[in-house]
Amino acid sequence: MNETIKLIAGDMEIELPVITGAENEKAVDISSLRQLTGYVTLDPGLGNTATCLSDITFMDGEKGILRYRGIPVEQLAKQSSFVETAYLLINGKLPSHQELTQFSVLLNDQSLVHEDMQKFYGNFPPRSHPMGILSAMVNALRSFYPELENMTRQDALDMVVARLISKIRTMAAMSYKISRGHKVIYPRPDLDYCSNFLNMMFDNPVKPYEIRKECVDALNAFWILHADHEQNCSTSAVRLVGSARVNLYAAISAGIAALWGPLHGGANQAVVEMLENIRDNGGNVKPYIERAKDKNDPFRLMGFGHRVYKSYDPRAKIIKQICDNLLEALELDDSLLDIARQLEEVALNDDYFIDHHLYPNVDFYSGIVLRSLGFPTNMFTVMFAIGRLPGWISHWMEDSTDPKWKIYRPRQVYTGPTIRDYVPINKRDSES
Ligand code: CMC
């Protein structure tokens with residue numbers, strides 16, 4: 001028998017169907033609630049609300065599980081490539097040799113950016129944040145590549161998907177080069193996705209960049225770990241904006257804007273800034289722990305806590321290992337890593353963090369990995385955005401091919417003034 005939940009609303013009793021997910025998670029389907037009872041649900045931050053059914057990513061915050069299309073992220077980070085993982089997320093299956101080659105060829109073909117776009121980069125003020133620039137430029141892609149409507153849907157989608165995944169990396173490297181007043185380095189057809197990006201970022205005519213396997217592997221795993229995370233803030237933004245049936249570029253641009261926030265993707269930058277601050281103030285982590293616990297202080301320990309993970313973030317475990325390996329391979333000694341380790345140890349043994357289930361999240365060590373690879377702090381969130389792009393695309397596709405698709409249009413509970421008359425300006429008092 002199908003499971004239901006009984007709800008007593010005023011003097012009515014209704015039964016609501018229960019939906020069971022593939023991993024046995026349960027959801028009460030309230031889609032008929034307002035029609036049957038006149039009531040809506042209130043869930044600020046949507047922590048108790050599933051906004052969709054999704055086949056893409058499974059996570060269990062209590063057990064620290066993350067799987068893309070059923071495959072544990074640990075296996076993907078160790079054995080897959082970012083391009084292959086992107087294919088998996090977008091197409092729902094691992095590619096064959098031939099499919100992967102075709103996808104890689106398409107990515108290579110799409111890797112150049114319209115030359116006129118460079119002029120835009122040159123006109124942003126020097127201190128512009130790269131995330132603002134990236135969001136604007138991804139939106140601008142629609143003007144440079146408007147041919148979407150002239151193609152059959154599947155062709156158009158394949159092309160637009162490859163264009164975005166390939167060009168976002170060229171655009172990110174280009175913005176970095178232009179911001180430094182350096183010559184733009186073009187993508188090379190002989191390099192894989194990650195090596196190409198590192199080369200476009202760091203090669204220059206007087207100091208050729210040496211592409212090291214350790215760096216490529218670390219970047220590859222970093223991007224795989226960021227590739228999707230079900231209905232997080234930026235993915236929800238992509239779904240919400242996409243639900244109005246805007247073009248994919250505009251929806252992704254909205255996702256980039258959401259990711260920029262320090263409580264979301266911007267946390268990797270905020271973590272390194274916090275660690276630098278601790279270092280510059282003598283390296284003692286204890287006052288920062290005390291501040292994070294003080295309810296009268298808005299300070300939070302950046303890189304700690306997660307809406308869903310109430311145990312160790314599985315991505316954080318992997319990135320911590322990558323961080324250790326990379327620093328050893330590059331023979332780097334980063335004082336920020338020592339501070340991060342101390343902070344983690346103190347926090348994990350502190351009652352406040354234990355009681356609140358606050359563990360390091362993916363951003364806690366990822367900033368140190370990116371620093372070691374040579375990325376400046378303000379590029380960190382851009383790195384997250386490149387990684388998250390395949391996830392955003394898969395969610396946009398899932399939504400736009402859903403026969404039960406609806407525009408996002410939540411309700412509210414109005415708490416403002418009840419009806420009152422308009423008061424002409426010369427008769428108003430301070431209460432009007
Ligand atoms: N430091 C100190 N206290 C914290 C922290 C923290 N980093 N995170 C949560 N808390 C406390 C918070 O004060 C609250 O305490 P109380 O119940 O006593 O009032 C309790 O834990 C619950 O916090 P919340 O804000 O209601 O939890 P949330 O699920 O809305 O927020 C979060 C999740 C990630 C926004 C939050 O943990 C946070 O601000 N962390 C720091 C920023 C960060 O690292 N963000 C990256 C998230 S992972 C990357 C991604 O996927 O975006």
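Under 16 Å from a label point set 7 Å out along the Cα-to-Cβ vector of Asp109, the amide N atoms of segment 74-98 belong to 98. Taking Ser195, Ser80, Ser96 in turn, the Gaussian network model of the chain (Cα-Cα springs below 10 Å) assigns the largest fluctuation to Ser96. Only alpha carbons enter this Debye calculation for the chain, each as an equal point scatterer, and the log10 of I(q)/I(0) it gives at q = 0.08, 0.12 Å⁻¹ is -0.51, -1.07. Panel order for Phe299, Phe364, by other beta carbons found within 10 Å of each beta carbon, from fewest to most: Phe299, Phe364. Full extension of the chain between Ile71 and Lys295 yields a length gain of 76.7 nm, computed as 0.36 nm times the residue separation minus the alpha carbon distance.
Going from the fewest other Cβ atoms within 10 Å to the most, the residues Tyr249, Tyr145 appear in the order Tyr145, Tyr249.
Computed on the chain, with alpha-carbon pairs under 8 angstrom and 6+ residues apart, the relative contact order is 19 percent. 3J(HN,Hα) along segment 307-313: 4, 9, 6, 10, 9, 4, 4 Hz, from the Karplus curve 6.51 cos²θ - 1.76 cosθ + 1.60 with θ = phi - 60°, whole Hz, x for Gly and Pro.
Counting only lysines at least 8 places from Lys293 when in the same chain, those with an alpha carbon closer than 23 Å to its own are Lys310.
Taking amide H positions as modeled 1.01 Å from N, with prolines and chain starts lacking one, no residue 5 or more places away or on another chain lies under 5 Å from Tyr186.
In the elastic network of the chain, a GNM with C-alpha springs shorter than 10 Å, the most mobile of Lys167, Lys404, Lys119 is Lys404. Between segment 63-119 and segment 166-203, what's the alpha-carbon centroid distance in Å? Each part reduced to its Cα centre gives a spacing of 18 Å. At full extension, Asp116 and Ala140 could sit 7.5 nm farther apart than now, given 0.36 nm per residue minus the alpha carbon distance. Taking amide H positions as modeled 1.01 Å from N, with prolines and chain starts lacking one, the residues under 5 Å from Phe304 and 5 or more places away or on another chain are Asn361. Running a GNM on the chain with Cα contacts under 10 Å, which residue among His182, His229, His357 ends up with the highest mean-square fluctuation? Checking each option, the largest mean-square fluctuation is seen for His182. The alpha carbon convex hull volume per residue for segment 11-74 rounds to 115 Å³. Could you estimate the translational diffusion coefficient of segment 203-247 from the Stokes-Einstein equation, with Rh from the Kirkwood formula over C-alpha pairs, at 20 °C and 1.002 mPa s, in whole µm²/s? Roughly 156 µm²/s, to the nearest whole number.
With the Cα gyration tensor of segment 126-208 giving a ≥ b ≥ c as the square roots of its eigenvalues, does the rule (a/c under 1.5 for rounded; else a/b larger than b/c for prolate; else oblate) give rounded, prolate or oblate? Verdict is oblate for segment 126-208.
Cross-link pairs exceeding 31 Å between alpha carbons, from the set Lys63/Lys177; Lys63/Lys295; Lys26/Lys317; Lys93/Lys404: Lys63/Lys177. Taking all Cα pairs closer than 8 Å and separated by 6 or more residues, the relative contact order of segment 274-432 comes to 24 percent. Computed extension length for Val413-Leu53: 127.1 nm, one decimal, from 0.36 nm per residue of separation with the Cα-Cα distance subtracted. Amide H to amide H distances under 5 Å link Gly70 with Phe58, where only residues 5 or more positions off or on other chains count and H is placed in the peptide plane.
Computed over the alpha carbons of segment 54-123, Rg followed by Dmax gives 16.6, 49 Å. Here segment 322-432 is treated as an ellipsoid with the same Cα gyration tensor; its semi-axes, largest first and in whole Å, are 47, 26, 18.
Over all other residues within a Cβ to Cβ distance under 15 Å of Tyr414, the charged ones net out to +3, with Lys and Arg as +1 and Asp and Glu as -1. For segment 275-356, trypsin sites (Lys or Arg not before Pro) are listed when DSSP marks them as loop and at most 10 other Cβ atoms sit within 10 Å of their Cβ; the list is Lys295. Rounded to the nearest whole Hz, the Karplus-based 3J(HN,Hα) values (6.51 cos²θ - 1.76 cosθ + 1.60, θ = phi - 60°) of segment 368-373 follow the sequence 5, 4, 5, 4, 5, 7, with x at glycine and proline. Hydrodynamic estimate: the Kirkwood radius of segment 1-138 over Cα pairs, inserted into Stokes-Einstein at 4 °C and 1.567 mPa s, corresponds to D of 64 µm²/s.
In the chain, helical runs assigned H by DSSP with n ≥ 4 each contribute -39500 (n - 2.57); averaged across all residues and rounded to the nearest 500, the mean residue ellipticity at 222 nm is -16000 deg cm²/dmol. Annotation note: chymotrypsin sites (Phe, Trp or Tyr not before Pro) in segment 184-242 located in DSSP loop regions with a Cβ neighbour count of at most 16 within 10 Å are Tyr209.
Values in this text are rule-based calculations from the coordinates and carry no lab data. No experiment lies behind these values; they were computed from the predicted model shown. Positions of Cβ are generated from backbone atoms using ideal geometry, with glycine treated the same way; all protein chains shown enter the neighbour counts.
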